[in-house]
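The structure appears below as structure tokens.
The values are calculated or read from the model by the stated rules, or taken from the named source; none is laboratory data. Keep in mind the model is a prediction, meaning the values are calculated, not measured. Here the Cβ is made from the backbone with ideal geometry for all residues, glycine too, and neighbour counts use every protein chain on show. Protein only, heavy atoms only, side chains kept; ligands, DNA and RNA dropped before computing areas. Shrake-Rupley method; radii C 1.70, N 1.55, O 1.52, S 1.80 Å.
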Amino acid sequence: LPICDMFATMKVADGVGLAATQVGRGVALFIYDCPDDDNRRHVGAICNPVVELPTGKDRRLDASEEGCLSYPGAFESLARPDHSICRGQDPWGEDVEVIGTGLLARCLQHETDHLNGTVFSDRLSTRARRLLTRQHDELAHLYPDDWPVTPRETSAG
């Protein structure tokens, strides 16, 4: 799936980030189209991402509702650092660094997690994971098996 197709898939799915592993590609790449804390839009693709998180007194957690295209329609609150730096390469092999605040910080962490084999539900408490799974199960019939590659069906009225 070319990167431009990943952006189209993400847009149709109303996502802000998409990891290649979510669309059946075994490469360390994710895309994002996401606002930061100042509501500035950031768009890009990062290969081989590594996320750096603040530590000590610089570490502030933001508990916000988070969703995932792997759990379509389901959301649960998850505390993550409110600031992150993601380093990697762009699709042309040039080094990139993205500094994220707000939703962008969350997105950079979330998508890098996917590429490292972690889904956001893995970071939830057992109770919150059960609630997320219940929400997802109640809505699963609305989504095709290969979601988000195939868009959700919408009724005509």
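In this rough spin-label picture, where each label sits 7 Å from Cα along the Cβ direction, the LEU131-THR101 distance is 2.9 nm. On the range 27-128, 46 percent of the accessible area sits on carbon and sulfur atoms, based on a 1.4 Å probe. Rg and Dmax of the range 71-135, based on Cα coordinates, read 13.9, 43 Å.
Based on the convex hull around the alpha carbon atoms, the range 4-69 presents an average projected area of 5.6 nm².
For the range 92-157 versus the range 44-65, the inter-centroid distance based on Cα atoms is 16 Å.
Taken over the range 30-157, the percentage of Cα pairs per 5 Å bin, counting from 0 up to the bin with the maximum distance, is 2, 10, 18, 20, 20, 15, 10, 4, 2, 0, 0.
Taking the solvent-accessible surface of protein heavy atoms with a 1.4 Å probe, what is the per residue accessible area of the chain in Å²?
With the other protein chains kept in place, the chain gives 57 Å² per residue.
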